[in-house]
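Structure first, then comments.
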There are 2 protein chains.
Amino acid sequence: MSLTIKVHVDTHINDLNIIQYQTNRHNRRKFTNYDLKIRPRPIYSSSPLTVYRPKMNVDSVRSSVIKSSLIEPDGGVVVDLVVPESERELKTVEAESMPRVNLTNIDLEWVHVISEGWASPLKGFMRENEYLQSLHFNCLKTKDGSLVNMSLPIVLAIHDETKERIGSSTNVGLVGPDGELIGILRSIEIYNHNKEERIARTWGTTAPGLPYVDEVITLAGNWLIGGDLEVLKPIKYNDGLDHYRLSPQQLRKEFDRRQADAVFAFQLRNPVHNGHALLMNDTRRRLLEMGFKNPILLLHPLGGFTKADDVPLDVRMEQHSKVLEDGVLDPETTIVSIFPSPMHYAGPTEVQWHAKARVNAGANFYIVGRDPAGMGHPTEKRDLYDPDHGKKVLSMAPGLEKLNILPFRVAAYDTVEKKMAFFDPSRAKEFLFISGTKMRTYAKTGENPPDGFMCPGGWKVLVNYYKSLQSEEATGQAAVLAS
Amino acid sequence: MSLTIKVHVDTHINDLNIIQYQTNRHNRRKFTNYDLKIRPRPIYSSSPLTVYRPKMNVDSVRSSVIKSSLIEPDGGVVVDLVVPESERELKTVEAESMPRVNLTNIDLEWVHVISEGWASPLKGFMRENEYLQSLHFNCLKTKDGSLVNMSLPIVLAIHDETKERIGSSTNVGLVGPDGELIGILRSIEIYNHNKEERIARTWGTTAPGLPYVDEVITLAGNWLIGGDLEVLKPIKYNDGLDHYRLSPQQLRKEFDRRQADAVFAFQLRNPVHNGHALLMNDTRRRLLEMGFKNPILLLHPLGGFTKADDVPLDVRMEQHSKVLEDGVLDPETTIVSIFPSPMHYAGPTEVQWHAKARVNAGANFYIVGRDPAGMGHPTEKRDLYDPDHGKKVLSMAPGLEKLNILPFRVAAYDTVEKKMAFFDPSRAKEFLFISGTKMRTYAKTGENPPDGFMCPGGWKVLVNYYKSLQSEEATGQAAVLAS
């Protein structure tokens, strides 16, 4: 036994792949409900660690000393583009002399995302070379020839006037929405922003009504500017939630501090009900059964741009903290943090980004649900994406082989047991599915959902939010009537 | 020197990569005109051949005995799905008992393509697993974890009635447009044909007027059926051109017979003018300069579905043979053959397919032009694709690392030298660009293009074709007037 223990652990985890689908002869592959199966991963990654992996079994892991930097970030290091404090003044003076590019709020969210390394190994807004790879292959080739996943184009658009102002300059200063100098983009490249092609290839539709398209891309300029990013100081929002915004490096440190030997990430942009909680607790139980000593849950709500009818971030964060206060999730084994990315609602394309960013933050297990990052078709009465494509595409995605995909087990309200439980098709009639729309209707009308649907503290947060919306609406209507 | 000579040659060729772009600080990367540069490829392919490649130089190749199976087909073997003659009768009887799926002419072209291994390692119409990988990643993961390029979904659509007729059967018989039993699709899988998503992700637009969409996809059924293909006998068209339709295996044999040590493929769907010929002859000259002893040109016109205003295949083949008869291209070092694929006009997505199929046929160099597989935007006054994206995307495409990309050098009519010559920007005014539209106008009006634009024999073929069109039109108009 000449290998170090760290290698044992990494190796073991890279070797696992939890898959849950069975092939149905004719129709789509059906994912069975969370019947965990472990199979060895094919050797694919070009990193020496995985190529030379020894055969390991669960027992040998049980007896290992655990280190929680469980999974390599894409490209080997978590990118950090915040300039050291010692250089800040000098760089600020330098940036002041450069042509300026004004950022929107959403551009700033992307600056935040890139600067902290969620998109590692990406070191700035994409140049055309990266943009085309992302658009056509959902991945980038690294210098050593291996692929990292990169499904969303992370780009900065500028208008004609800005392009003219830049002229032949090599570097530009980035200015936040409030006029503050935020950072520098170096060795820039300006190229065409073919919006139609970007939209078609990212969303698989060009139908009007896609939130990110309508609110971001349509208003954006016809040029994209790529380059190497430097951020003058960490991005803060001063909204009382910055303490929740842990960077990938901070999260990795926290996993280490807690001596996690598995980290399972749960991406969400909705309130947590007891069905979610059941799933997360059950995942932890199963990971323990598999021999992990201390699986840690990363409860990781998305904090960037969301569509108008989603519950706002501050309300969600309050709701999530009630869920922990009420003991539905165990604070000892849960980290609640905000994922700063804007939301695209781009289904199978976007779920890869959601997973890849969590790999960079140290998660080696990723829970994926029905229709992840999906929404209704904007002009037709159907889901925009096949609800099963998200988990299928994720499980096939180049560059994500090292991540263990945990498909979502469907939970519903068990009207006999009077609690959220995993759906049992043999007694389907006894289950009640409470959709997001249904939940919102309950909250708006002040009607209580069935006992056990959500912890009372969390529910109260939602009721108060929808009450406040109604009184705002009433005020608005009154104002209209009075005008 | 313990390696065999064959390994030397393969290795050497895999090591070469001919690139031609320089980075321009701000704007798009500009491809310079054919300044061949050789750089070592990054080690990426997982095949032991490339991983353990020794460093080689051109001199060591010069002295090698050459074998022309120059490049490995994707997946290691050229797929051949034509059943052996000894089994044909038995399989035909078996197929007769299966539910039937009727093929359109274009479906049959795809059966042809798949059965001969152009799409190796694909062994039939795509199941959902392959379809999703093609759509999202433009490549397929093979069993050993390596990627092969696969940018176009190669799928078979069926209507509701056919799906019902198939019921729970595992295998179906494929019936050609003339009612003849063509083959078998085994272990079938039927899944949704989301046309909008397929179109958006393949073409990067959903604008009406895409030829393959209007004439194929829109009319097709809402289900896709995937499975393993068996073809009862080789596909023939009986149009007097079948002798031009060499399979990838036949082409590889022919390259061997001719002792080719480099094969450079030229995909086209237009008549060959002297500018093309100049490029092809110049490519051969440069390959000779690089140390190759016998570079062979694969002049490889596309023979499947094309849009209505393209010159028909039989006319093009006649024109091409005149070009060889007139000595513009050397028959000794040129193989003219038909590529049986239908045309998508899907630009950067399709050019990968065009290149990948030629790899399977043994080509290790691929000439790529401006806006390959592109067309005008169907509803806007612009090219549908950025004319440079094709060669850029091709040079980045996962699974095509082993292919050497030769960007097209622009030729135009030199009004001083009175011949087609490589465009010289320093005396731009002395060059005349003769577009396809301009060429067709010449041919239609009977006006001669400038001397030296095309060999007289080839030009005559075109003039006759357009004359015949006009007399057809005249007859049609007369018929309309008379009715």
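The values are calculated or read from the model by the stated rules, or taken from the named source; none is laboratory data. What you see is a predicted model; the values in this text were computed from it and never measured. A quick note on method: Cβ atoms are made from the backbone with ideal geometry, for glycine too, and the neighbour counts reach across all protein chains shown. Protein only, heavy atoms only, side chains kept; ligands, DNA and RNA dropped before computing areas. Shrake-Rupley method; radii C 1.70, N 1.55, O 1.52, S 1.80 Å.
Interface size, chains B and A: roughly 4800 Å² of accessible area buried, both sides included, 1.4 Å probe, rounded to the nearest 100.
Between this copy and the others, label points of A:V93 are 9.3 nm apart in ascending order, each placed 7 angstrom from Cα in the Cβ direction. What FRET efficiency would be calculated for the residue pair A:S471, A:D214, taking the C-beta separation as r and a Förster radius of 30 Å, to the nearest 0.05? Calculated transfer efficiency: 0.60. Projecting the Cα atoms of A:F422, A:G457, A:N404 onto the charge dipole of region A:352-483, computed from C-beta unit charges around the Cα centre, puts A:N404 farthest toward the positive end.
Cβ-Cβ distance of A:N192 and A:D424, R₀ of 45 Å, FRET efficiency by 1/(1 + (r/R0)^6): the value works out to about 0.25.
Largest accessible area first, the listed residues A:R409, A:R257 line up as A:R257, A:R409 when surface is computed with a 1.4 Å probe on the assembled protein chains. Got a number for carbon plus sulfur as a percent of region B:143-302's accessible area, 1.4 Å probe? That fraction is 47 percent.
Label point of A:D178 (7 Å along Cα→beta-carbon): distances to the other copies' equivalent points are 7.7 nm, sorted ascending.
Shape of region B:138-250 from the C-alpha gyration tensor: rounded (a/c under 1.5, with a ≥ b ≥ c the square roots of its eigenvalues). The 1.4 Å probe gives accessible areas that order A:K195, B:K381, B:K467, largest first, as B:K381, B:K467, A:K195. Taking amide H as placed 1.01 Å from N in the peptide plane, the amide H of A:G376 sits under 5 Å from that of A:L384, each at least 5 places away or on another chain.
Pairs over the 25 Å Cα-Cα cut-off, from the set B:K356/B:K392; A:K293/A:K322; B:K391/B:K467: A:K293/A:K322; B:K391/B:K467.
For region A:77-157, a/c is not less than 1.5, where a ≥ b ≥ c are the root eigenvalues of the C-alpha gyration tensor, and a/b tops b/c. That puts it in the prolate class. Per residue, region B:247-312 exposes 33 Å² of solvent-accessible protein surface, assessed with a 1.4 angstrom probe and all protein chains in place. Across region B:391-401, rounded Karplus estimates of 3J(HN,Hα) from the backbone phi angles (6.51 cos²θ - 1.76 cosθ + 1.60, θ = phi - 60°) give 6, 5, 4, 4, 6, 9, 5, x, x, 10, 4 Hz, Gly and Pro being marked x.
Taking label points 7 Å from Cα along the Cα-to-Cβ direction, B:E89 and B:S435 give a separation of 6.0 nm. For region B:144-187, the square roots a ≥ b ≥ c of the C-alpha gyration tensor eigenvalues yield an a/c of 1.5 or more together with a/b exceeding b/c, which makes the shape prolate.
Each other residue within a Cβ distance under 14 Å of B:P378 adds +1 if Lys or Arg and -1 if Asp or Glu, for a net charge of -4.
This model, with +1 at the C-beta of Lys and Arg and -1 at the C-beta of Asp and Glu, gives region A:385-457 a dipole about its Cα centre of some 120 debye.
For region B:377-424, heavy-atom accessible area (probe 1.4 Å) falls by no less than 50 Å² from the chain alone to the full protein assembly at B:H389, B:M396.
Near B:L268, the amide H atoms lying under 5 Å from its own belong to B:H300, B:L302; only residues 5 or more places off or on other chains count, and H is placed 1.01 Å from N. Multiplying the residue separation of A:T333 and A:T445 by 0.36 nm and removing their Cα-Cα distance gives an extension gain of 36.8 nm.
Less than 5 angstrom separates the built amide H of A:V263 from those of A:I296, A:N364, A:F365, all sequence-distant by 5 or more or on a different chain.
Take every residue in peptide B:179-191, count the Cβ atoms of other chains within 10 Å of its Cβ, and give the average of those counts.
That works out to 2 on average.
Among the protein heavy atoms of region B:321-413, carbon and sulfur supply 47% of the accessible surface, probe 1.4 Å, non-protein parts ignored.
For region A:201-226, a reduction of at least 50 Å² in accessible area between the chain on its own and the assembled protein chains (probe 1.4 Å) is found at A:R201, A:G204. With θ taken as phi - 60° and the Karplus curve 6.51 cos²θ - 1.76 cosθ + 1.60 applied, the whole-hertz 3J(HN,Hα) list for region B:424-438 is 10, x, 6, 9, 4, 5, 7, 9, 10, 8, 10, 6, x, 4, 4 Hz, x standing for glycine and proline. When only C-alpha pairs under 8 Å and at least 6 residues apart count, what is the relative contact order of region A:329-441, in percent? Answer for region A:329-441 is 21 percent. With a 1.4 Å probe on protein heavy atoms only, tell me which residues of region B:140-167 lose at least 30 Å² of accessible surface in the complex relative to the chain by itself. Listed by number, the residues meeting the 30 Å² cut-off are B:K141, B:G145, B:L147.
Ordering B:E87, B:E325 from largest to smallest accessible area (1.4 angstrom probe), what's the sequence? Mind dumping the intermediate values first?
Working: B:E87 75, B:E325 130 Å².
Result, largest first: B:E325, B:E87.
Rounded to the nearest 0.05, the FRET efficiency derived from the C-beta distance between B:D256 and B:H377 at R0 = 41 Å is 0.40. Placing +1 on each Lys and Arg Cβ and -1 on each Asp and Glu Cβ, with no other charges, gives region B:151-214 a dipole about its Cα centre of roughly 220 debye. 3J(HN,Hα) along region B:321-332: 5, 5, 4, 6, 4, 6, x, 5, 10, 8, x, 5 Hz, from the Karplus curve 6.51 cos²θ - 1.76 cosθ + 1.60 with θ = phi - 60°, whole Hz, x for Gly and Pro.
With each label modelled as a point 7 angstrom along the Cα→C-beta vector, the A:V416-B:V77 pair spans 5.3 nm.
Distances between copies at A:T441, taken between label points 7 Å from Cα along the C-beta direction, are 6.5 nm in increasing order.
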